[in-house]
Amino acid sequence: MAATPNVTRAWKYARQVVAGKIVACKWTKLACQRMLADLKAAKKKSFPWMFDRTRAERVLYLIQLFHHVKGEWASRQEKIYLEDWQCFFIAMIFGWINRQTEYRRFIQALLFVARKNAKTTTAGAIGLTMLTDDGEHGAEVYSGATSEKQAWEVFGAAKKMAEMNEEFLDYYGVQPNASNISVLRTNSKFEPLIGKPGDGANPSCAIHDEFHEHKTNDQVDTMKTGMGSRRQGLQLVITTAGDNTTGPCAQLCDDAKKVLEGSLKNDRFFPLMYCRDDDDAWDSITAMKKANPNLGVSVFREFLDQQLAEARQSAHKQTAYRTKHLNEWVGSRSAYFNIDKWNLSADKAITLDQFADYPVILGIDLATKVDIAALEILFVLGEKEFARFGKYYLPEETIESGVNKHYATWVDQGWLTATPGQMTDFEFIKEDVFALRDRLNIHEVAIDPYQDKMFISQLMKAGVPCVEMPAQVKYFSEPMKFMEGLIRSQAIQHNGDPVYTWMLSNVTAKVDAKDNVYPRKERDENKIDGPVATIMALGRAMNGQAAHDLTFINEPLVLTY
């Protein structure tokens with residue numbers, strides 16, 4: 001095997017991050033853990049992906065043949081030297097391949113890092129590599145942004161890199177032009193892209209710079225669909241945080257976190273995120289280091305110290321510092337439940353039948369069209385010990401609309417039930433409740449009395465005991481807090497249900513002046529119906545005196561439809 005020193009640096013970086021030898025945030029650590037776990041799994045031929053050190057090393061070597069085009073390094077005509085963290089990011093994108101086809105594994109990558117950490121240089125060099133050395137005839141590389149100035153940040157840097165390297169121009173036949181970079185013999189081009197493009201592009205690589213400035217997903221979606229005929233197209237998003245906490249960039253970052261923590265599965269997406277952790281003081285040096293992997297290289301400590309000093313004196317400057325230099329979505333809510341603890345308590349082998357002797361409380365959160373209807377099955381094992389399973393329902397038309405690409409996968413895997421038409425058919429839920437009644441020891445069903453009254457009436461007439469659980473703060477606050485403690489102490493057994501784990505990771509909390517909490521979601525796409533149903537069931541169970549003698553301190557509010 002040929003020497004691969006840069007790849008060695010990449011994997012060493014990952015191991016040092018995981019070992020705690022490099023100061024890093026939770027998300028950086030998870031990215032490193034994910035890749036190291038996959039590297040171990042790749043030793044088995046049954047694993048679909050393998051890591052090709054030679055391919056990764058080639059890209060790392062080529063990038064370091066280019067010269068810096070800005071700053072003091074450019075004035076000294078120095079070549080690019082990739083830091084260890086950059087080696088890791090680039091090596092993961094280009095080194096992981098499909099074991100069978102040998103095409104690249106990752107078709108989407110995210111570099112989420114604070115300003116002045118060499119995002120532009122990294123992206124420009126990757127763009128030139130994709131233009132010339134990816135084995136793609138008719139390569140189309142785009143540097144996309146919301147404005148011409150921003151689009152030229154990456155493209156302009158790449159153009160200057162190319163112009164400064166005569167050997168590169170001659171070897172690949174590259175021609176830098178006024179508005180693009182072309183390779184005539186392969187009919188390839190690299191050019192800036194502004195706003196929403198037309199449908200004619202066929203990108204092999206789309207770079208989206210400062211994605212937080214995008215108000216819509218139009219550019220990203222158009223580029224993604226345009227890559228349909230490319231075997232190993234790459235969509236690269238490079239961005240710092242912004243102030244639009246409900247925009248497409250914030251959504252992408254949320255999805256990235258879910259992939260890293262395991263609540264969403266996407267083997268074709270590689271996110272690397274640098275930011276402060278929630279429990280870091282915003283004005284600490286630790287937070288500064290976590291968000292700035294190039295600290296002392298392209299972003300200087302003296303500069304950040306000055307920005308921090310000003311931020312301590314001004315609320316406005318504090319917001320700017322936290323957004324631009326700590327990479328923080330200021331104003332966004334954090335997830336309420338600890339997903340790491342939740343994942344640790346998963347056991348895919350558990351079944352309903354093994355808990356059949358325990359009392360059960362069902363929680364039902366109905367939805368008709370866009371939200372997921374959820375049926376919670378909560379076994380009361382003790383005063384502070386539970387097991388839970390869930391069933392979820394969504395109309396076929398909502399699933400087929402593509403609003404969430406995971407829905408169809410979950411239907412195929414049996415986690416989500418698709419009901420015919422535009423509206424959720426509650427008959428499916430009713431029949432599942434009846435089947436559970438015949439199989440388990442159902443004590444009661446917690447349901448919001450303001451939801452579908454005919455559905456509730458049908459359950460009552462069939463002898464299913466339904467109990468009021470209105471969706472109000474006074475009913476939800478204590479069980480929600482109770483649930484948070486149960487998850488933290490790993491006192492809820494569950495089967496690792498991916499639909500529920502995703503919904504659980506979407507839950508944020510609205511906190512009032514009296515410290516009451518209520519479940520919320522940051523955006524409409526972030527469904528939380530399953531956890532809401534759990535809170536309802538726990539609200540009825542948390543006053544129970546014993547697992548097998550479920551006696552309530554408060555009399556049940558039995559519905560009488």
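Taken together, the values in this text are just the output of simple stated rules run on the coordinates, not laboratory data. Keep in mind that what you see is a predicted model, and the values were worked out from it rather than measured. Methodologically, a virtual Cβ is constructed for each residue, glycine included, from the backbone with ideal geometry; neighbour enumeration extends over all protein chains shown.
With just the Cα atoms defining each centre, how far is the range 473-533 from the range 1-66? Give it in Å.
With the range 473-533 and the range 1-66 each reduced to a Cα centre, they are spaced 35 Å.
Would you mind calculating the relative contact order of the chain from Cα pairs under 8 angstrom and at least 6 residues apart, reporting the percent as a whole number? Can you show the working numbers first?
Details: 1071 pairs, mean separation 70.3, N = 561.
Contact order relative to length: 13 percent.
Where both partners of a DSSP beta bridge lie in the range 5-324, what percent of those bridges are antiparallel, to the nearest 5? Before the final figure, lay out each step's value.
Details: 11 of 37 bridges.
Around 30 percent of the beta bridges assigned by DSSP in the range 5-324 are antiparallel ones.
Considering only DSSP beta bridges with both partners in the chain, what is the antiparallel share in %, to the nearest 5?
On the way: 32 of 73 bridges.
So the antiparallel bridges amount to about 45 percent of the total.
Taking a ≥ b ≥ c as the square roots of the Cα gyration tensor eigenvalues, with a/c under 1.5 meaning rounded and otherwise prolate when a/b beats b/c, else oblate, which class fits the range 339-541? Provide the component values of the computation, followed by the final result.
Details: a/c = 1.20, a/b = 1.09, b/c = 1.10.
Note, shape of the range 339-541 comes out rounded.
If a paramagnetic tag sat 7 Å from the Cα of TYR103 along the Cα-Cβ line, which residues of the range 127-146 would have the backbone N under 17 Å from that point?
134-140
Could you work out the helix-only [θ] at 222 nm for the chain, with each DSSP H run of four or more residues adding -39,500 (n - 2.57) and the total divided by the number of residues, to the nearest 500 deg cm²/dmol?
Working: 21 runs with 228 residues, N = 561.
Estimated from H runs of four or more residues: -12500 deg cm²/dmol.
Among LYS289/LYS317; LYS26/LYS149; LYS21/LYS70; LYS215/LYS257, which pairs are too far apart, with a Cα-Cα distance over 24 Å? Let's see the in-between values first.
Values: LYS289/LYS317 19 Å; LYS26/LYS149 33 Å; LYS21/LYS70 31 Å; LYS215/LYS257 21 Å.
Among LYS289/LYS317; LYS26/LYS149; LYS21/LYS70; LYS215/LYS257, the Cα-Cα distance tops 24 Å for LYS26/LYS149; LYS21/LYS70.
Hey, any idea what the orientation-averaged projected area of the convex hull of the range 57-129's Cα atoms comes to, in nm²?
5.2
Note down the relative contact order for the range 339-541 as a percent, whole number, built from C-alpha pairs under 8 angstrom at least six residues apart.
Worked out over the range 339-541, it gives 30 percent.
Mind listing the phi-derived Karplus ³J(HN,Hα) values for the range 180-190, rounded to whole Hz, using 6.51, -1.76 and 1.60 with θ = phi - 60°, and x for any glycine or proline?
Result, ordered by residue: 7, 10, 10, 10, 5, 5, 10, 6, 10, 8, 9 Hz.
Report the charge-dipole magnitude of the range 5-324 in Debye, nearest 20, computed about the Cα centre from +1 at each Lys and Arg Cβ and -1 at each Asp and Glu Cβ. Spell out each step's value before the answer.
Numbers: 45 positive and 38 negative charges, 238 e Å.
Roughly 1140 debye, rounded to the nearest 20.
With a 10 Å radius around each residue's Cβ, average the other Cβ atoms per peptide and rank 500-512, 435-447, highest first.
Working: 500-512: 20.6, 435-447: 18.4.
So the peptides 500-512, 435-447, ranked by packing, come out 500-512, 435-447.
Let me make sure I get this right: for the range 5-324, a, b and c are the square roots of the gyration tensor eigenvalues over alpha carbons, sorted descending. Under 1.5 in a/c it's rounded, otherwise prolate if a/b > b/c, else oblate. Which is it? Show your work: numbers first, answer last.
On the way: a/c = 1.40, a/b = 1.19, b/c = 1.17.
Because its axes are fairly even, with a/c under 1.5, the range 5-324 counts as rounded.
Just for the range 339-541, what percent of DSSP beta bridges are antiparallel, to the closest 5? Before the final figure, lay out each step's value.
Working: 20 of 35 bridges.
Once the DSSP bridges in the range 339-541 are tallied, antiparallel ones form about 55 percent.
Can you tell me which aspartates and glutamates have their Cα less than 20 Å from the Cα of LYS44? Leave out same-chain residues fewer than eight positions away.
Answer for LYS44, where 20 Å is the Cα cut-off: ASP52, GLU102, ASP267, listed by chain and number.
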